[in-house]
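Asker: This structure is in structure tokens; I'll ask about it shortly.
The values are calculated or read from the model by the stated rules, or taken from the named source; none is laboratory data. Treat the numbers as computed from the prediction; the structure is a model and nothing was measured. Here Cβ is always computed from backbone atoms with ideal geometry, including for glycine, and neighbour counts include all displayed protein chains.
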Amino acid sequence: MNPSLFQPKQFTTPPSLVLVPYFPTTNLLANLQRQALRRHYFLQSTLLWFEKAAVLSGFIGYPHLLTLLPLITDLPDKEIYFLGSAGAIHPRFSKPTALQVSKIYSSSIFKRFSRKSSFPLKVFPAGSFPSVRGVSVDIIQRETPSWLTEQRLEKIDIVEMELFPLRWFLQKPFHALVVLSDRVESSGIRPFNEKQKFQREFERAFNYIIKYINCG
């Protein structure tokens, strides 16, 4: 294969890499930026260095994320952690809740990425977060009544936009937490109104990941 004409500088980071599409509160991100040993802004995203982990945030969707990741040196050797948001499919979820995704399924264009329709993910110790099965869509508004019926038949619990292509790209399992921001129903998508609870759950999930890395 011929080398690419696009050859930007690569970044050497600690053994663990935490991927966060966005932080729901500016305070959490601002605090991290102040505490970071080093920080760099590139391609509309932020990379923060800490003793045992780096945090990459500010990417929009899987194409942006998969453009950023090759800029991390020794990526195959990194321990990856993901924290994002998701929509609830299973009716038992009625409020913002932090969950861990134990298995991720493909949908829409992602079915062309791999012959496998699903991949397992790593899970944190029992009791830390409820485990769910998720499905990835490439763009919003893929959710239709027939699509929703199909996911429920597969016993899918949540829907999000990055995990399947990320799992396919890395070719290895990783830990993934998501915080529910809405519920997908046959009549439409109903956002959860408990904004502060979403923020608390998000911060709780992030702090758990960092503690897990530091104690490992």
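Asker: Which residue pairs have Cβ atoms closer than 7 Å, lie 6 or more positions apart in sequence or on different chains, and pair a first residue in the stretch 142-156 that is within 14 Å of Gly87 (Cα to Cα) with a second residue that is at pLDDT below 90 and among the small types (Gly, Ala, Ser)?
Answerer: So the pair list comes out as Arg142/Ser108; Leu148/Ser186.
Asker: Restricting the search to the stretch 139-153, which residues are surrounded by 14 or more Cβ atoms within 10 Å (Cβ to Cβ) and not in a helix (DSSP H, G or I)? Walk me through how you get there before you give the answer.
Answerer: In the first step, residues of the stretch 139-153 are kept if they are surrounded by 14 or more Cβ atoms within 10 Å (Cβ to Cβ); the result is 142-143, 147-148, 151-152.
Within the stretch 139-153, Arg142, Glu143 meet the criteria.
Asker: While we're on this one: Can you find, within the stretch 25-39, the residue that is surrounded by the most Cβ atoms within 10 Å (Cβ to Cβ) among those that are modelled with pLDDT of 95 or more, not in a helix (DSSP H, G or I) and not small (Gly, Ala, Ser)?
Answerer: Among those residues, the one meeting the criterion is Arg39.
Asker: Return the only residue of Ser136, Ser114 being surrounded by fewer than 18 Cβ atoms within 10 Å (Cβ to Cβ) and in contact with a helix residue (DSSP H, G or I) (Cβ under 7 Å, 6 or more places away or on another chain). Walk me through how you get there before you give the answer.
Answerer: Details: Ser136 fails: surrounded by fewer than 18 Cβ atoms within 10 Å (Cβ to Cβ).
None of the other options fit; the residue is Ser114.
Asker: Filtering the stretch 182-216 down to residues that are at pLDDT below 95 and of a type in the set (A, V, I, L, M), which residue is farthest from the chain's Cα centre (by Cα)?
Answerer: That would be Ile189.
Asker: Here's a follow-up. Among the candidates Ser16, Ser45, which residue alone is in contact with a strand residue (DSSP E or B) (Cβ under 7 Å, 6 or more places away or on another chain) and more than 26 Å from Cys215 (Cβ to Cβ)? Show your work before the answer.
Answerer: Details: Ser16 fails: more than 26 Å from Cys215 (Cβ to Cβ).
On inspection, the qualifying residue turns out to be Ser45.
Asker: Go through (1) surrounded by 16 or more Cβ atoms within 10 Å (Cβ to Cβ); (2) touching a residue at least 60 places away in the same chain (Cβ under 8 Å); (3) within 18 Å of Phe174 (Cβ to Cβ) for Ala54 and report which single condition fails.
Answerer: (2)
Asker: Further question on the same structure: Using beta carbons and a limit of 7 Å, which pairs, at least six apart or on different chains, have the first residue in the stretch 198-216 and in contact (Cβ under 8 Å) with a residue 60 or more places away in the chain and the second one of a type in the set (Val, Ile, Thr)?
Answerer: Phe198/Val179; Gln199/Thr25; Glu201/Thr97; Glu201/Val179; Phe202/Val179; Ala205/Val179; Ile209/Val18
Asker: Further, regarding this structure: Can Thr12 be described as exposed (fewer than 11 other Cβ atoms within 10 Å of the Cβ), at pLDDT 95 or above and among the polar types (S, T, N, Q)?
Answerer: Details: exposed (fewer than 11 other Cβ atoms within 10 Å of the Cβ): yes; at pLDDT 95 or above: yes; among the polar types (S, T, N, Q): yes.
Yes; evaluated as a whole, the condition is true for this residue.
Asker: Yes or no: the stretch 140-154 includes at least one residue that is modelled with pLDDT of 95 or more and either of a type in the set (A, V, I, L, M, F, W, C) or over 12 Å from Ile89 (Cα atoms) (or both).
Answerer: no
Asker: Within the stretch 40-57, work out how many residues are assigned to a loop (DSSP other than H, G, I, E, B) and over 16 Å from Leu75 (Cα atoms). So that I can check it myself, show each step before the final result.
Answerer: Restricting attention to the stretch 40-57, the residues satisfying the condition of being assigned to a loop (DSSP other than H, G, I, E, B) are 43-44, 50-52.
Subset that is over 16 Å from Leu75 (Cα atoms): 43-44, 50-51.
Of the residues in that region, 4 qualify.
Asker: Select, from Ile60, Ile72, Ile104, Ile89, the only residue that is crowded, with 20+ Cβ neighbours inside 10 Å and closer than 29 Å to Phe11 by Cβ. Steps first, answer last, please.
Answerer: On the way: Ile60 fails: crowded, with 20+ Cβ neighbours inside 10 Å; Ile72 fails: crowded, with 20+ Cβ neighbours inside 10 Å; Ile89 fails: closer than 29 Å to Phe11 by Cβ.
On inspection, the qualifying residue turns out to be Ile104.
Asker: Can you run down the residue pairs with Cβ atoms below 6 Å, 6 or more apart or on separate chains, where the first is in the stretch 176-197 and in contact (Cβ under 8 Å) with a residue 24 or more places away in the chain and the partner is polar (S, T, N, Q) and not in a strand (DSSP E or B)?
Answerer: Hits for this filter: Leu180/Thr97.
Asker: Is there a residue being under 15 Å from Gly87 (Cα atoms), surrounded by 13 or more Cβ atoms within 10 Å (Cβ to Cβ) and among the small types (Gly, Ala, Ser) anywhere in the stretch 119-130?
Answerer: So far as the stretch 119-130 goes, no, none of its residues is under 15 Å from Gly87 (Cα atoms), surrounded by 13 or more Cβ atoms within 10 Å (Cβ to Cβ) and among the small types (Gly, Ala, Ser).
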